[in-house]
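The structure appears below as structure tokens.
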């Protein structure tokens, strides 16, 4: 299902190589968008592929089921529906061992997403100094553990993170981004 051009674009970014463009990464959980791109598709998975292809998105970290308002409050052993979104109530991965157990790909193609929304549209949520003292060291620990296990890492954050670029480039030498 993955187009070769998209695969090459993703792998170039993960290996800090020049690609045809930066891969676009997003999470879609929107009933109206689904109806627009895939209303005629009875298979939800195939429909979501149509949605992502239709929007030109290269990667996703999953997708929502676009729950109906009538499903509000439903829950299971480790999830619940709130705001027409299904939320985990128990983390499935709590250690590197859990991550290895949950990942069936070979080490060279294994990928983990870590994220934190650290900015608004026009500024950071906290000071750059606070990020340097708290967030960055914690993120570094997570990334180093994953890299030691041969797992490539994508860090995702919404909004304007321009103020973090200098620190990140100074500390790590590179900053692969999606704009």
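In table form, for the structure just shown:
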| quantity | calculated |
| --- | --- |
| Residues (farther than 15 Å from residue 153 by Cα and in contact (Cβ under 8 Å) with a residue 24 or more places away in the chain) located in segment 10-23 | 22 |
| Residue ID - surrounded by the fewest Cβ atoms within 10 Å (Cβ to Cβ), chosen from residues in segment 48-85 that are touching a helix residue (DSSP H, G or I) at 6+ places or on another chain (Cβ under 7 Å), under 27 Å from residue 3 (Cα atoms) and at pLDDT below 85 | 60 |
| Every residue from segment 1-37 that is in a loop (DSSP other than H, G, I, E, B) and either touching a helix residue (DSSP H, G or I) at 6+ places or on another chain (Cβ under 7 Å) or closer than 30 Å to residue 85 by Cβ (or both) | 1, 2, 3, 18, 19, 20, 21, 22, 23, 24, 29, 30 |
| Test set (1) surrounded by 14 or more Cβ atoms within 10 Å (Cβ to Cβ); (2) under 24 Å from residue 21 (Cα atoms); (3) at pLDDT 65 or above - residue 175 fails condition number | (3) |
| Residue satisfying all of: in segment 86-114; within 30 Å of residue 70 (Cα to Cα) and in contact with a strand residue (DSSP E or B) (Cβ under 7 Å, 6 or more places away or on another chain); modelled with the highest pLDDT among these | 89 |
| Some residue of segment 151-171 being exposed (fewer than 11 other Cβ atoms within 10 Å of the Cβ) and either modelled with pLDDT under 80 or outside any helix (DSSP H, G or I) (or both) | yes |
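The values are calculated or read from the model by the stated rules, or taken from the named source; none is laboratory data. No experiment lies behind these values; they were computed from the predicted model shown. Please note: Cβ atoms are built from the backbone with ideal geometry, for glycine as well, and neighbour counts cover all protein chains shown.
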